Every structure is written in structure tokens, then in C-alpha cells.
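Colleague: Sharing a structure, written as C-alpha cells. Questions coming.
Throughout, read-outs are computed from the coordinates displayed, never taken from laboratory work. Only a predicted model underlies this, so the values are computations on that prediction, with no experimental measurement involved. Glycine gets a Cβ as well: all are built from the backbone with ideal geometry, and neighbour counts include every protein chain shown.
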2 protein chains.
Amino acid sequence: MKSTIPDTGVPITPAAGNGGDRQENRHEASLHGEILLRLRDYVVEGNIPEGARVPERQLCEMLGISRTPLREALKVLAAEGLIELLPNRGARVRQLSQRDLEELFDVMAGLESLAGRLACEAITDAEITAIEQLHYEMYGHYLHRDMHGYFQTNQRIHESIVAAARNETLRTAYANFAGRIRRVRYSANFARKRQRWAEAMREHEAILDALRRRAGSELSDILFQHLRNKRTAAIEHLSEPQEDAPASA
Amino acid sequence: MKSTIPDTGVPITPAAGNGGDRQENRHEASLHGEILLRLRDYVVEGNIPEGARVPERQLCEMLGISRTPLREALKVLAAEGLIELLPNRGARVRQLSQRDLEELFDVMAGLESLAGRLACEAITDAEITAIEQLHYEMYGHYLHRDMHGYFQTNQRIHESIVAAARNETLRTAYANFAGRIRRVRYSANFARKRQRWAEAMREHEAILDALRRRAGSELSDILFQHLRNKRTAAIEHLSEPQEDAPASA
DNA sequence: GTCGGCCATTTTGCATTCATTTTTTGTCCT
DNA sequence: AGGACAAAAAATGAATGCAAAATGGCCGAC
């Protein structure tokens, strides 16, 4: 059994055994729907090495289903850009080149830039107040050098801006691209440089300021530049040697 | 007639050269890949009424295949947002509400805005010259009141800007959203108002000007406003003449 | 000793088949 | 006559089977 698969013999998810305790499903009641969600999470979490070839058979065993719904889910994941489907040669986790990452970051920047612009048109004072709260909370994390908390709050701020844009299509697209990037766990390391961190905080203050003034164009510009700088930091980090131990879970 | 099922006995043989090529060349070999391309074109072309329920069996007969590859293609189309997949109730052509259209237009505006910004970073003089050529050509169409030629050239200009952004991810996303909108055939009517047409020409001149100066932020702003105005015109057009009452049961 | 062709095994792609759910239709009761 | 219930018919969801292509190993040739 010369398994070309690295370490894919993994429990893909606890997934609450088939006890039959769950028929209350909002949207994805069907099997292929659930498989899709689980597989997507599984890939996004980075449990499969890049470019690793994962035979359908093995995935079927792991998931306890037949190949038909699995293949449907794979097609969708391929359409989402998470995996690649080579004809007659199976599915591979799409490996993102540095160029791909740059492109993804730029698209994310464009989407957030758009979100900021749209948000200025319809955001309520209450929403701004909520974002301000998050901002102060994030500032606290920054002062305490709590990188994990900082990133989580940071993400919530950006999500709040996207939500304030009141555009579900944008929200979905944003989530999709965010998922593609999330595979690359840059966030845990990208802001080691304290200087960049301080810059990011200043940029966030400018974001908040523009948001308060509902200055759409300005906010759009600031957000794009903010994400651009993030991108630069992330790419630089990726180019550097990674000496760290990844196990922070 | 309570049945929403129309006579879908239509020959699904368009497959003719489309204005824009799709992003996936990797699927063309396999059957489901070809089915995907044909079905997507078929839906984008608007051959299926909105919300119409099309039984898989019927599509299989039309396409001469079995249900397995068809279902795979349907899943992908659903992921792309072209159709809806109701659990146990089949696939329906996704009908876009006015709100959906507004959202789509805004996202397109954001993507083109981003494209303009990125294009300013890397566009060559030759590319600008080419766009200028298209611009003059479009101006000729405008002077001759040739709406069809105008729209085609206009589309080529916008595609050129997206291409100049040198971001394949962006290009793919742009093509996807463009396909969703294309179902709604607004373009044939949206510029009935000559005033709007003249405005659009002026905006295009401003676009070209900003592009020549590589003024990224400015071009970003102009493009967004340009698309915003397009959106307004399109939505207004949709509200006015109701050629078909989509009222489904 | 290494390269190249041949064959067995595995894997993918598609068709077919089975099981569930939905929809329709027919009948019966109010 | 109209509505409710039930059974038939059809459609969807998932599993299995089968053919074609690919992967890998083996043997022979150079």
C-alpha cells in the first residue's frame, strides 16, 4: 500500500455521527450540501497539503458516502477556486503561487474598498458606534500586544464594514475570496513587525474617521491602501523563511 | 395556467462563439465540462424564462446525456449564482429582483473601479493607445447613433481596462458577474435617453484622461460613478416598461 | 545499468439503478 | 360543487456498475 497521499488519513470532521438526530436544516439539508460544507471547511482549514492528490475513494470512505455527492461537491469547490480538477486525473488542492496571492489580496482590497464606499451611503450611527467599539477593543489588544485578539477584532471590523454596505452579493463574494486566502495562514505571522502594526492602527483610525464623515471616495481610497499594505506585509512574510513551529492550536 | 413549466422544448445548440471566453479551459475535455459551457451559455443567453422549472430529464434528452454530468454542471451553475437549486425540488433559473440587480451593478462597479486602479499601475502606452482607438471608434458609433456598435465597443473598452489590470482573479470574477447580469437584457434599451448617452461619452473621456495620467484613485472614482450611473439608467429602464409580468405562482 | 514498451491495478467518468420525496390526480366525504 | 385525503406518477437524491484512461510495476532490449 504505497499511499501517495501524505497524511490524509484524517477524521475529516467529527461531524456528529449518523445518529439521526438532525433533520432541522436551514438550507443545506441534502447530503451533497453537507458534504460541500464539510469539505470546504476542511480545505479552507488547510488540512490537505497543497497539490496533494486525494483519491475520491478515500474521501468517500472518510465521509462515509458514495462518490456521486462527493463529485458534485468537488465540482462546486473547483468552481469556487479552492481546488483544481484535472481531467481524468482527479482533484488537487489548488496551490496558490505568490502571484495568485497578490491577485487575491488586490481583489479583496477592491471589494473592501467598494464596501466602504457603499457603507458610507447607508450606514447608521448605531453601526458606526459599534465599529468604534470594536476599534477601541482592537486598540486594547494592540496595546497589550495580543495579536490573536487583535486579528479577531480586526476581522470583525472589516466584516462590519462589509455588512454595512448592505449588499449580499458583495458579502458572498467577499466571503468566497476570504476563504481562498484563509488557506494560507499568513495572519498569525504577518504583523510581527511592530512598525507595520502601528501603521495599521493609524490606518484604522483614518478609516473610522472617513466612515464617520461618510466620505465614500476617501474611505474607498483608504481601505484600498490599507489592504494593499496588508498584502505587502503578507507577501513579504511569505518570502521570508518560516522558522516558527506551526502548532499554535 | 398555473403551471410555471413552459415548453422548454428548445434546441440547446447555441454553442456559438460568444463575446467573451470563459475562464475554464480545463473542463472542456470532459463531458460535464462541455455541458457546463453549453448550459451556462444557454442560461446566460436568456433562453429559459426566469423561475422556470426545467426537469433534469428533459435537459438530459436535449443534451443527449445522462443525469450524472448534468447534475454536476447544475451544481456549478448554482455556485456561480446563475440558477437556484431547491432541495428535492429541482433547479430553477434564478430570478433577479431589482435589488439583486442593483447589488450586481454595484459589485461590477467596484470591480471595474478596482480594475482601473490596478491598470494605472501597469498599463503600457500601447494599451492606452489601443483603448483610445476603441474610444474613437465608440465615438463614431455614438455620432451615428449606432447603439449596437456603441455597446459592443463600450464593452471592449471596459474589458480592456480589466485586462490591463493584469489580475486573472479579477478578470474571472468580473466575467462571472457580467454573465449574471447579461441574462437581463438591459443593454438593448438602457440608453434610450440621449442625454444619458452623452453623459456616458463624457465620462468615458474622463476615464481616458485619468488613464493617460495614470491617476489610479481618480480613475477608480470615475469608473465607479460611471457604472453607478449605468446602474441607475438600467434600473430606471427596468421599472418603466414591463414587457413581461414574471408573476409566478 | 538504464531506458522503453507492455500489462495489471487503480482511478476517473458516465450510465444505470434504487430509494425518497414531491407533485399530480382521482376519489370520497361534507 | 368544493375541499381533503390517498394513491399513483414523476422527479430528485444517492448508490452501484461498467468502460476508458491513467498510474505503477515488470520485463526485455540496448
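Colleague: Relative to the other copies, what are the label-point distances for A:G140, with labels 7 Å from Cα along the C-beta vector, expressed in nm at one decimal and sorted shortest first?
Modeller: So the label point of A:G140 gives 6.7 nm to the other copies.
Colleague: Fewest to most neighbouring Cβ within 10 Å: what's the order for B:D106, A:D146?
Modeller: Details: B:D106 24, A:D146 14.
Result, fewest neighbours first: A:D146, B:D106.
Colleague: Using a label point 7 Å beyond Cα on the Cα-Cβ vector, give me the inter-copy distances for A:S66 in nanometres, one decimal, shortest first.
Modeller: Label-point separations across copies, in nm and ascending: 1.1.
Colleague: Let me check I've understood the local charge: for B:M138, count other residues with C-beta under 11 angstrom from its C-beta, Lys and Arg +1, Asp and Glu -1. What total comes out?
Modeller: -3
Colleague: Taking neighbour counts of Cβ atoms within 10 Å as a proxy for exposure, in what order, fewest first, do B:S66, A:S30 appear?
Modeller: Values: B:S66 11, A:S30 15.
Fewest-to-most Cβ neighbours within 10 Å comes out as B:S66, A:S30.
Colleague: Rounded, prolate or oblate: pick one for region B:70-117, where a ≥ b ≥ c are the square roots of the eigenvalues of its C-alpha gyration tensor, a/c under 1.5 means rounded, and failing that, prolate if a/b is larger than b/c, else oblate. Let's see the in-between values first.
Modeller: On the way: a/c = 5.13, a/b = 2.01, b/c = 2.55.
Verdict is oblate for region B:70-117.
Colleague: Convex hull over the Cα atoms of region A:35-163, averaged projected area in nm²? Working shown, then result.
Modeller: Working: hull surface 42.4 nm².
Computed as one quarter of the Cα hull surface, the answer is 10.6 nm².
Colleague: Binning every alpha carbon pair distance of region A:85-223 at 5 Å from zero, what are the percents per bin?
Modeller: Bins of 5 Å from zero give 2, 9, 18, 20, 20, 15, 7, 3, 3, 2, 1, 0 percent of pairs.
Colleague: Direction-averaged shadow area of the convex hull around the Cα atoms of region A:31-93, nm²?
Modeller: Average projection, Cα convex hull of region A:31-93: 3.7 nm².
Colleague: If the label for B:E121 sits 7 angstrom from Cα along the Cα-to-Cβ line, what are its distances to the same label in every other copy, in nm to one decimal, shortest first?
Modeller: For B:E121, the other copies' label points sit at 2.5 nm, shortest first.
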